[in-house]
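Below is one structure; the comments refer to it alone.
The values are calculated or read from the model by the stated rules, or taken from the named source; none is laboratory data. This is a predicted model, so every value here is computed, not measured. Methodologically, a virtual Cβ is constructed for each residue, glycine included, from the backbone with ideal geometry; neighbour enumeration extends over all protein chains shown.
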Amino acid sequence: MATSAPLRSLEEEVTCSICLDYLRDPVTIDCGHVFCRSCTADVRAVSGGRPVCPLCKKPFRKENIRPVWQLASLVENIERLQVDRGRQPGEAAQEPADARLCERHREKLHYYCEDDGKLLCVLCRESREHRPHSAVLLEKAAQPHREKILNHLSTLRRDRDKIQGFQAKGEADILAALDTRDFLNRYPRKKFWIGKPIARVVKKKTGEFSDKLQSLQRGLREFQGKLLRDLEYKTVSVTLDPQSASGYLQLSEDWKCVTYSGLYQGEYLHPQQFDCEPGVLGSKGFTWGKVYWEVEVEREGWSEDEDEGDEAEEGEEEEEEEEAGYRDGYDDWETDEDEESLGDEEEEAEEEEEEVLESCLVGVARDSVKRKGDLSLRPEDGVWALRLSSAGIWANTSPEAELFPALRPRRVGIALDYEGGTVTFTNAESQELIYTFTDTFTRRLLPFLWLKWPGTRLLLRP
């Protein structure tokens, strides 16, 4: 496509001198020149010494390489400008904003290379790399798989309808079984004494209905989470921006892992750095499309055996308490006043425990999010995240909303639909849907991590 002189000049400014393509994840070296991160990894040391800049031949240290996130944003805007200029009038409404384009040539992908298993544009098809290969049009390549996909989707929809039907029936059965309990709750226990306990068969039936409903709800959430990740969103690889990282945090060399140190390190101060809050942002932002990535929570002492043990102990304690509740007599029953007093004491204890709770936040934040001083880290401040701790999971709404997933997520999936205005969190291992934020986004959104939990690491996947 034709390119104007000003745009061509900008393209030259954001072109890597090594691969002669747009800068991808741009970084700067000691001499100030900028290259793609992957290109700097290919620069080898000369005669056992340090690697040298391909342009000025000055030696540099790889540990001094720093990202240039402002330039990455400029590259993204230039690519979008090229796509917009290439459209004819009226095409903007017809072509979706997240249409897949060739990353190298920014052209539509029309071919499928059967030798390499890659999608190709016209220029890629005629390149020296793919010209000898067997390439067919996308429509022809997709035809053998289309019927299988449609059949699979039809099966999934039928399963979803069955689950929803079971869920509705289970809720109705539970309500019918609990009518007796509703009658008893209308009158204070200090006025009535039921000398005969509720029949065990009724209690068992109610428990069976409750378990069945929870199982169906969990299956429905898992189904929704799988649809979200596999059929709608593009999985992206994200890294952290060390210039935004708080002095309380330590980043790995590949900028994909963060730990909490507890001691503030203030040698490197940057304008975009979090100072009081132990937060860090991703190096790449998003202003359109549907993208997905994962955050793995590695916590010392977390294991499947411990989880199962805790659940077993809790189940035994509940059974013992229920057995005690069916004893004859009523001298030990508490009055309503005693219950209210105990409830107040429990609430105060929970509030005191929550104030000192160690936890982490995973989600997204606006590029303009406040980074100095004490922050509230709520959606109205430009942060949409989940808070995880040993005690539970909360959405960072105002006030916080406690969540009750079937399993404690060790790997959290984050799905951002920019145009749709949603940020959805799932358990990446079980595909269970955990929570969805709904909002209107007008600024660039970045991956966001906040960690104040010794003995815990957060890792970005893939």
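For segment 435-452, enumerate the residues that are in contact (Cβ under 8 Å) with a residue 12 or more places away in the chain and surrounded by fewer than 21 Cβ atoms within 10 Å (Cβ to Cβ). If you could, list the steps in order and put the result at the bottom.
Pass one, segment 435-452, residues in contact (Cβ under 8 Å) with a residue 12 or more places away in the chain: 435-441, 443-452.
Tyr435, Thr436, Phe437, Thr438, Asp439, Thr440, Arg443, Arg444, Lys452, listed by residue number.
Can you name every one of the strands (runs of 3 or more DSSP E) wholly within segment 59-159 that holds 1 or more residues which are modelled with pLDDT under 85 and either among the polar types (S, T, N, Q) or loosely packed, with under 13 Cβ neighbours inside 10 Å (or both)? Break it down stepwise before answering.
Values: elements: 111-113, 118-120, 135-137.
Counting at least 1 such residues, we get 135-137.
Looking at segment 216-256 only, could you name the residues that are more than 18 Å from Leu449 (Cβ to Cβ), aromatic (Phe, Trp, Tyr) and either under 16 Å from the mean Cα position of the chain (by Cα) or at pLDDT 85 or above (or both)?
Tyr233
Return the residue satisfying two criteria in turn: it lies in segment 11-41 and is more than 31 Å from the chain's Cα centre (by Cα) and not in a loop (DSSP other than H, G, I, E, B), and of such residues it is surrounded by the most Cβ atoms within 10 Å (Cβ to Cβ).
So, considering only residues that are more than 31 Å from the chain's Cα centre (by Cα) and not in a loop (DSSP other than H, G, I, E, B), the one surrounded by the most Cβ atoms within 10 Å (Cβ to Cβ) is Glu11.
Quick one: Pro51 ticks every box in (1) surrounded by fewer than 16 Cβ atoms within 10 Å (Cβ to Cβ); (2) over 17 Å from Val68 (Cα atoms); (3) of a type outside the set (A, V, I, L, M) except a single one, so which number is it?
Failed condition: (1).
May I ask you to list the residues in segment 398-417 that are of a type outside the set (Gly, Ala, Ser), outside any loop (DSSP other than H, G, I, E, B) and exposed (fewer than 14 other Cβ atoms within 10 Å of the Cβ)? It would help to see each step written out before you state the result.
Step one: list which residues in segment 398-417 are of a type outside the set (Gly, Ala, Ser), which gives 399-400, 402-405, 407-412, 414, 416-417.
Filter once more, keeping what is outside any loop (DSSP other than H, G, I, E, B): 402-403, 411-412, 414, 416-417.
Within segment 398-417, just Glu402 meets the criteria.
Return only the number of the condition from (1) acidic (Asp, Glu); (2) farther than 30 Å from Asn77 by Cβ; (3) over 13 Å from the mean Cα position of the chain (by Cα) that Asp439 does not satisfy.
Against the list (1) acidic (Asp, Glu); (2) farther than 30 Å from Asn77 by Cβ; (3) over 13 Å from the mean Cα position of the chain (by Cα), Asp439 comes up short only on (2).
What's the number of the condition Trp288 fails, among (1) among the aromatic types (Phe, Trp, Tyr); (2) closer than 19 Å to Arg457 by Cβ; (3) surrounded by fewer than 18 Cβ atoms within 10 Å (Cβ to Cβ); (4) at pLDDT 85 or above?
(2)
Would you confirm whether any residue within segment 418-428 is at pLDDT below 95, acidic (Asp, Glu) and buried (at least 16 other Cβ atoms within 10 Å of the Cβ)?
Scanning segment 418-428 turns up no residue that is at pLDDT below 95, acidic (Asp, Glu) and buried (at least 16 other Cβ atoms within 10 Å of the Cβ).
Does segment 435-462 hold any residues that are of a type in the set (Ser, Thr, Tyr), part of a strand (DSSP E or B) and closer than 24 Å to Lys234 by Cα, and which are they?
If we filter segment 435-462 for residues that are of a type in the set (Ser, Thr, Tyr), which is where we start, we get 435-436, 438, 440, 442, 456.
Those left that are additionally part of a strand (DSSP E or B): 435-436, 438, 456.
Once the filter is applied, which keeps residues that are of a type in the set (Ser, Thr, Tyr), part of a strand (DSSP E or B) and closer than 24 Å to Lys234 by Cα, segment 435-462 yields Tyr435, Thr436, Thr438.
Given Leu386, Leu446, Leu433, which one is at pLDDT 95 or above and touching a Lys or Arg at 6+ places or on another chain (Cβ under 8 Å)?
Working: Leu386 fails: touching a Lys or Arg at 6+ places or on another chain (Cβ under 8 Å); Leu433 fails: at pLDDT 95 or above.
Result of the check over Leu386, Leu446, Leu433: Leu446.
Among the residues of segment 372-415 satisfying the criterion of being of a type in the set (Phe, Trp, Tyr) and farther than 19 Å from Phe441 by Cβ, which is farthest from the chain's Cα centre (by Cα)?
Taking segment 372-415 first, the residues of a type in the set (Phe, Trp, Tyr) are 384, 394, 404.
Subset that is farther than 19 Å from Phe441 by Cβ: 394, 404.
On the way: Trp394: 14, Phe404: 17 Å.
Among them, the one singled out is Phe404.
Any idea which of (1) assigned to a helix (DSSP H, G or I); (2) modelled with pLDDT of 70 or more is the one Thr259 doesn't satisfy?
Here Thr259 meets the rest and fails (1).
Residue by residue through segment 371-392, note down the ones that are aliphatic (A, V, I, L, M) and either touching a residue at least 60 places away in the same chain (Cβ under 8 Å) or surrounded by fewer than 21 Cβ atoms within 10 Å (Cβ to Cβ) (or both). Don't jump to the end; show me each part of the working.
If we filter segment 371-392 for residues that are aliphatic (A, V, I, L, M), which is where we start, we get 375, 377, 383, 385-386, 388, 391.
The answer is Leu375, Leu377, Val383, Ala385, Leu388, Ala391.
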